[in-house]
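Visitor: Supplied in structure tokens, the structure appears directly below.
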């Protein structure tokens, strides 16, 4: 009876130890600052005079999940303009993940002086890695369109205390690499922006543009952590069997 009780106590201790070590080594990201937003803006100039403008903006105020869309559209007898921006991002203790996109389009009759569409989405976080370890880093930035004024899309990863950095610009090949990060401070910045303007080209009557980014930093558990977790689960399974006897 005493041996069985002692074995159960040891199994519980192994479970708690394995979970504690796994949490410390696998959940090693602490977020310090974040700046995440999206903004869309359009305006049209009626044939007679003046300007009509509309805009929408959404900003993240804390470190929680951020999933939103900002859309605006306008039209009159001479043309139309629309803009959209969105973002889905998560800031976790072992995962940083974000996707965002922006697009804009416009149509202007020859006699309309100005049509304008602008979309922008921005992701920025500074964080600390508490325990040195391996992290899987993936990033991609894209942009496309026709007759647009400008587009911009990029992803940046940088070591705030050292020389290591990655810069992924629009339409570069996707980046996928395993990073061995020492404990320290780091930052990830991702941004996509588009502009379409009718008077950029007097002959232009239609314009569209889109840009997007995706970035992910995922902690990779070490073999030792997986081994400890396995021991804990085995002990848990054996403990369940003991209780059913």
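Visitor: Which FRET efficiency value, to the nearest 0.05, is calculated for residue 136 and residue 206 with the Förster distance at 25 angstrom and r the Cβ-Cβ distance?
Guide: On the way: r = 41 Å, r/R0 = 1.65.
After rounding, the FRET efficiency stands at 0.05.
Visitor: Determine the gain in length on full extension of the stretch residue 76-residue 126; use 0.36 nm per residue of separation and subtract their C-alpha separation, reporting nm with one decimal.
Guide: The residue 76-residue 126 span can extend by a further 13.6 nm.
Visitor: Would you calculate the separation in nanometres between label points at residue 54 and residue 150, each defined as 7 Å from the Cα along the Cα-to-beta-carbon direction?
Guide: For the pair residue 54/residue 150, the computed spacing is 2.6 nm.
Visitor: Take every Cα-Cα distance within segment 40-174, group them into 5 Å bins from 0 onward, and report for each bin the whole-number percent of pairs it holds.
Guide: That works out to 2, 9, 16, 16, 16, 13, 10, 7, 5, 3, 2, 1, 0, in percent per bin.
Values quoted throughout were computed directly from the atomic coordinates according to the rules given, and no laboratory measurement underlies them. Just so it is clear, the model here is predicted, and its values are computed rather than measured. Backbone-built Cβ (ideal geometry, glycine too); neighbour counts: all protein chains shown.
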